[in-house]
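Report on the structure given below.
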Amino acid sequence: MGKFDRNCVIVALDFASESDALSLLECLDPKWCRIKIGKELFTRTGPAFVRRVIESGFDVFLDLKYHDIPNTVAGACSAAAELGCWMVNVHASGGREMMVAAADRLAHYQSRPLLVAVTVLTSLDYTSLIEVGYKSVPAKVGLQLAALTQQCGLDGVVCSVHEVESIKRQSGPEFLTVTPGIRPNDGCRDDQRRVATPAEALKAGADFLVVGRPVTRAANGGIALKEIYAEIAASQALGVPR
Ligand code: C5P
């Protein structure tokens, strides 16, 4: 079983409005989760909202998946560091020079955000990868990009739970894996194709679990989050349910 860090869940704050996002935050405790702010909410609310969430005590993963020329991505990573973000990400397919520039720029900060890379978007299947010029299956491309990410000095990757074991085998236990596609044992998958329970993700060795709708769509997000931790705790005591 992987680590049972009570702060291993990152709640994806996928809302279209600041007020909805704030309502959920009121039900959550920074001791029990971190917060992911993605493109939609950031584009609507900007850095001021990120600052507000950080000031409320939450670690913020700024999920803007930078992919641009090295100088531009390095500058964007600096901006995220100066905002006080806990984690920031890039697309590994932006290449070696881009990832090295981002990592080098962040190394200048005394307290810097963790830097992780998205390997292959889980929405891309074999056919879509071929269309954009890759010549292999997503799992193989993902492993190759994870190796490149590590060579460039980043802290880890965003990947599916199903890729965690092979990435950890290849890159070692310290190389972080951040896994979306997490669903509690209640059978609801939404639009995620390949899901895993929180316990399965931790058993595979995932370091952080990104959970969106199971918490954001719950009547009370705080209770939903506690149920997730209860499910993890039960699996640790009783063995992981399959
Ligand atoms: O609601 P749900 O738990 O499916 O949300 C998952 C979150 O993780 C969303 O913010 C989504 O954009 C993000 N994500 C993902 N798959 C990836 C990368 C990020 O679902 N491969």
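The values are calculated or read from the model by the stated rules, or taken from the named source; none is laboratory data. These numbers were taken from a predicted model, which means no experiment stands behind them. Note: ideal-geometry Cβ built from the backbone for every residue, glycine included; neighbour counts use all protein chains shown. With ligands, DNA and RNA removed, areas are computed over all heavy atoms of the protein, side chains included. Shrake-Rupley method; radii C 1.70, N 1.55, O 1.52, S 1.80 Å.
Structure notes:
- Unit charges on C-beta of K, R, D, E only; dipole of segment 100-242, Debye: 80 debye
- Convex hull per residue volume in Å³, alpha carbons only, for segment 139-242: 108 Å³
- Backbone amide hydrogens, once placed in the peptide plane, bring residue 34 within less than 5 Å of 9, 10, 11, excluding anything fewer than 5 places away on its chain.
- Other residues lying with their Cβ under 11 Å from the Cβ of residue 44 contribute a combined charge of -2, Lys and Arg counting +1, Asp and Glu -1.
- Karplus 3J(HN,Hα) series, Hz, for segment 206-220 with 6.51 cos²θ - 1.76 cosθ + 1.60 (x for Gly, Pro): 4, 8, 9, 10, 8, 10, x, 3, x, 9, 5, 9, 6, 4, 9
- Selected from 78, 173, 116, residue furthest toward positive end of dipole (the chain; charges at beta carbon): 173
- Surface share of carbon and sulfur [accessible, 1.4 angstrom probe, percent] for the chain: 51 percent
- Cα point-scatterer Debye curve for the chain, base-10 log of I(q)/I(0) at q = 0.08, 0.12, 0.15 Å⁻¹: -0.29, -0.67, -1.07
- Protein heavy-atom accessible surface, 1.4 Å probe, per residue over segment 131-176: 52 Å².
- Protein-only accessible surface at a 1.4 angstrom probe places the residues 54, 35 in the order 54, 35, largest first.
- Computed accessible area, residue 127, all protein chains, 1.4 angstrom probe, square angstrom: 90 Å²
- Take segment 7-105 with all the other protein chains still there, run a 1.4 Å probe, and you get 42 Å² of accessible area per residue.
- Cβ-based net charge around residue 134, under 14 Å, with every Lys or Arg adding one and every Asp or Glu removing one: 0
- Here the relative contact order of the chain, from alpha carbon pairs under 8 Å that lie six or more residues apart, stands at 20 percent.
- Listed residue pairs exceeding 25 Å between alpha carbons, taken from 65/203; 65/135; 31/168: 65/203; 31/168
- Taking a Cβ cut-off of under 10 Å around residue 75, the surrounding Lys, Arg, Asp and Glu residues balance to a net charge of 0, with basic ones at +1 and acidic ones at -1.
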